[in-house]
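Values in this text are rule-based calculations from the coordinates and carry no lab data. Remember, predicted model here, so these are calculated numbers, not experimental data. All Cβ positions, even for glycine, are placed from backbone atoms using ideal geometry, and neighbour counts span all protein chains on display.
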Amino acid sequence: MRKRLAELVVWFGLRRLVTGAAAACFLAVGGWWVVRVPPVPVESNIAFTATSVVGAASTSALVIVVHVAGEVNAPGVYSLAPGSRMVDALDAAGGPTNRADLEVINLATPITDATQIYVPARNKTARPTFRRPQPGVNGGVNGGATGQTDNQQGGVININRASATELEQLPGVGPATAQAIIDYRTSNGPFAAPEDLLEVKGIGPAKFASMRNKVGV
């Protein structure tokens with residue numbers, strides 16, 4: 001056996017034999033590297049949170065807040081989806097009452113955050129829709145050094161805008177009557193004429209006659 005191996009080495013050549021053996025080892029190692037199963041990437045073991053730039057946005061941007069008042073079944077403040085329209089606000093407030101005048105408002109109007117929506121009663125003057133607080137309408141404003149407000153000009157009190165304190169300045173009007181005036185305009189919309197005060201509980205012809213020249217709309 002040894003003799004045959006020696007003859008094979010002499011015939012093939014020692015250098016060629018060593019080179020062939022090295023090539024065979026290289027091919028074996030290369031084949032193992034190709035077919036081996038790669039290790040699990042390190043990144044796969046890192047826990048990632050589900051938070052994204054969009055997910056981190058404030059939830060306040062996902063809703064708009066509106067105030068629905070007047071002839072609706074459930075007046076109040078409601079949160080709606082962006083892109084909502086007037087009809088969506090009315091639905092959120094329980095829908096219009098039987099007295100609501102839907103002909104004077106556009107139910108398809110898009111609404112924005114902080115909008116006030118007022119649904120008037122039939123045969124009453126419609127109140128405008130406010131997107132932001134308006135001086136003298138959503139709240140009183142100072143009348144400068146004279147202390148006079150927009151609700152009281154030239155001694156005439158605007159019964160659609162006056163506060164309870166201002167209404168009590170009228171002849172024969174106390175806290176109860178002043179509140180009755182405010183409750184009436186809240187439920188029925190703004191007064192179309194001073195004579196509408198006769199529909200307020202506690203105000204008769206005599207009391208109205210005493211204040212007629214001191215009120216306006």
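Please list the non-local residues whose amide H lies under 5 Å from the amide H of THR115, H modeled 1.01 Å from N, same-chain partners needing a gap of 5 or more.
The answer is HIS67.
Of the peptides 199-211, 176-188, how do they stack up when ordered by the mean number of other Cβ atoms within 10 Å, highest first? Mind showing how you got there, number by number?
On the way: 199-211: 14.1, 176-188: 16.6.
In decreasing order of mean packing, 199-211, 176-188 become 176-188, 199-211.
Mind running the shape call on the stretch 59-119? Use the C-alpha gyration tensor, a ≥ b ≥ c as the square roots of the eigenvalues: rounded below 1.5 for a/c, prolate if a/b tops b/c, oblate otherwise. Mind showing how you got there, number by number?
Working: a/c = 2.39, a/b = 1.68, b/c = 1.42.
Note, shape of the stretch 59-119 comes out prolate.
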